[in-house]
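Note sheet for the following structure.
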Amino acid sequence: MRARLHWATVESRRPYFRDHYRVPLAAQYPVMFSDAETIAEGKVMNPTVFGCAIECTAAAPQRTTLRLRLILPDQIQSLPVEEAEVRWVQGNRMGLQFHKLERAADFRLHGFVWDRMVERLQAITPE
């Protein structure tokens, strides 16, 4: 009898590669997001300068375009993302790719990611 392969099994064995640094957050930060019909909130996970993952009660469908307001610990003011696309959905998590940010927000996001990279490097580098 021939064994049947399940796509989930094949997918889970795929090599895992990242082209850019993801910030592993000790705490999760709030995010508000909306599309043309819905406003919702969730928690930011693993942000990068190109996107992030969000944990929420109801994930938007793949390829949905969203607007975001990230609440990061570096400043009191939220970080606006004008346009982000839902690239994947797994249960109550969705992965977003940022497409449009204002220049100031982009600089701030790059600074936030860079600062976390430096902090992580200092934490793992012996003195």
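In a simple Cβ point-charge model (Lys, Arg +1; Asp, Glu -1; nothing else charged), region 18-124 has a dipole of about 240 debye relative to its Cα centre.
Close amide H partners of K100, meaning residues 5 or more places away or on another chain with modelled amide H under 5 Å apart, are E82, E83. Working from label points 7 Å from Cα in the Cα-to-Cβ sense, the K100 to E55 distance is 3.1 nm.
Every number here is computed from the coordinates shown, using simple stated rules; none is lab data. Since the model is a prediction, treat every value here as computed from it, not as a measurement. Reconstructed Cβ throughout: ideal geometry from the backbone, glycine too, with neighbour counts over all protein chains shown.
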